[in-house]
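Structure first, commentary second.
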Amino acid sequence: MGEKLLLRALKGETLPVPPVWMMRQAGRYLPEYRATRAEAGDFLSLCYNPELAAEVTLQPIRRYGFDAAILFADILLVPQALGAELWFETGEGPRLSTITTPAEMDRLKPADAIHEHLAPVYETMRILARELPAETALIGFAGAPWTVATYMIAGRGTPDQGPAHRLMAEDRATFDALMGRITDATIEYLSAQIDAGAEVIKLFDSWAGSLKGEAFDAYALEPARKIIEALKARHPGIPVIAFPREAGERYIGFAKATGADCVALDNSVDAEWAARNVQVDGCVQGNLAPGHMITGGQDLVDETRRIVRAFANGPHIFNLGHGITPDADPANVELMLQTIREG
Ligand code: CP3
């Protein structure tokens, strides 16, 4: 058997048909996911149950034959492993105990103390490495430090990341200490995922778009560069996908500046523009708007073809611009795959 398609694209190969997977491909739009989640009890119990977490990771692979599986877990398990409280309010999203003072910062655990708490996640990865089909690549992931910090500082998701920007402005020392702790913990966590079988790493910086100018350099670009450098030093050749969501113009040069093998493009970025300005440096991933998974039809087919064509002259991994939503129709995923694979 030849090398997995996703790994070939990440090495810079232009393939006749792009490999494809979807952010949040294991999720509530699938009835089999909802059944397994009910069996686990709740979302966090599912994340920490290796057999069931591996099962939901495999569900979309069985149903659709994606070219990659992404570990089922959440970016907020790292703050929890550092000692923050974490729970999910039904219908609202995550809640955490907040870190905004030097005293709260001091109570966090050191970066290398996270492994005991995260051991079930590593076990999920080991199960997946054994059970995945031979042609499917295995992706591990973490949140990028800025995005994780926005949740740790605010204690919840925020529309404009206001509390994190405020701490950055008012107590830079505490903000930097938190960013540093998350960065070190992320290196530890991802390194352990690779030891457990991850073949690709993805860094999710969902809120990178709210960082501008020097703040983008210091808190989106530099932490990604540091994490990628450390991972590649410990695990030579490990490919990394960086997702500085809504970075806009700052997508240009991001891969070169951070050492990422691929940048993931959100759906606010025009594919032709990105082919000219971002794909020139290597592999890109993206960037169909997730809304098409709800609406389907000819628009979905046309837009899928347009993206495939725009990126056809360089390395490309087809994906959505953000996660698939719970109200998506599983039949539209099938239509997207057919369109990509049958032209
Ligand atoms: O992509 C995958 O399938 C892998 C698993 C994965 C999840 N979350 C599972 C999940 C990944 C990679 C994430 C990343 C994540 N988590 C991000 C970054 C990517 C992004 O979407 O911007 C963020 C910001 C989080 C934090 C988080 N987790 C939020 C804000 C929420 C609530 C919003 C929601 O969709 O309900 C979650 C919950 C979550 N994480 C779910 C899943 C499948 C839904 C939980 C459920 O089953 O109720």
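In whole Hz and in residue order, list the ³J(HN,Hα) couplings for region 177-187 that follow from phi through the Karplus curve 6.51 cos²θ - 1.76 cosθ + 1.60, θ = phi - 60°; x for Gly and Pro.
Here the 3J(HN,Hα) series is 5, 5, 4, x, 5, 5, 4, 5, 5, 5, 4 Hz.
Using a 4.7 Å Cβ cut-off, which Cys residues in the chain lack a partner cysteine?
Cys47
Roughly how tilted is helix 31-40, in degrees to the nearest 10 and between 0 and 90, from the longest Cα axis of the chain?
With both axes taken from Cα atoms, the answer is about 30 degrees.
Of the options Gly91, Gly248, Thr147, report the single residue whose Cα projects farthest towards the positive end of the charge dipole of region 71-264 (beta-carbon charges: Lys, Arg +1; Asp, Glu -1).
Gly248
Determine the relative contact order of the chain: mean sequence separation of Cα pairs under 8 Å and six or more apart, normalised by residue count, in whole percent.
On the way: 639 pairs, mean separation 70.3, N = 343.
Reported as a whole number, the value is 20 percent.
From the square roots a ≥ b ≥ c of the eigenvalues of the alpha-carbon gyration tensor of region 71-264, which class results: rounded (a/c under 1.5), prolate (a/b over b/c), or oblate?
On the way: a/c = 1.67, a/b = 1.23, b/c = 1.35.
Oblate.
Sequence-distant or interchain residues sharing an amide H contact under 5 Å with Val200, placed H: which?
HN-HN under 5 Å from Val200: Leu138, Gly140.
Would you pull out the residues with amide H under 5 Å of Cys262's amide H, same chain only if 5 or more places away, H placed 1.01 Å from N?
Here Val240, Ala242 satisfy the definition.
Please work out the Cα center distance from region 167-237 to region 242-280, rounded to the nearest Å.
When both Cα centres are located, 17 Å separates them.
Taking 0.36 nm per residue of separation and subtracting the Cα-Cα distance, what length does fully extending Asn277 through Ala103 add? The partial results should precede the final answer.
On the way: separation 174, 0.36 × 174 = 62.64 nm, distance 4.46 nm.
Length difference between fully extended and current span is 58.2 nm.
Tell me, how many Å apart are the Cα centres for region 287-306 and for region 1-65?
Cα centroid to Cα centroid, the span is 20 Å.
Quick one: 3J(HN,Hα) in Hz for region 163-171, Karplus 6.51/-1.76/1.60 with θ = phi - 60°, rounded, Gly and Pro as x.
Calculated HN-Hα couplings, in order: x, 5, 4, 5, 4, 4, 6, 9, 9 Hz.
Can you sort Asp171, Asp329, Asp205 by how many other beta carbons sit within 10 Å, fewest first? Provide the component values of the computation, followed by the final result.
Working: Asp171 16, Asp329 13, Asp205 26.
By the 10 Å Cβ count, ascending: Asp329, Asp171, Asp205.
In what sequence, highest mean first, do 76-82, 115-121, 251-257, 102-108 appear when ranked by Cβ atoms within 10 angstrom? Numbers along the way, then the final one.
On the way: 76-82: 23.3, 115-121: 16.4, 251-257: 18.4, 102-108: 13.7.
Ranking, from highest mean packing down: 76-82, 251-257, 115-121, 102-108.
Peptides 56-63, 332-339: what's the order by average Cβ count within 10 Å, highest mean first? Can you show the working numbers first?
Numbers: 56-63: 19.8, 332-339: 17.8.
Averaged packing, sorted descending, gives the order 56-63, 332-339.
No lab work stands behind these numbers, since they all come straight from the coordinates. Bear in mind the structure is a predicted one, so any value in this text is a computation, not a measurement. Note that we place each Cβ from the backbone using ideal geometry, even for glycine, and neighbour counts take in every protein chain shown.
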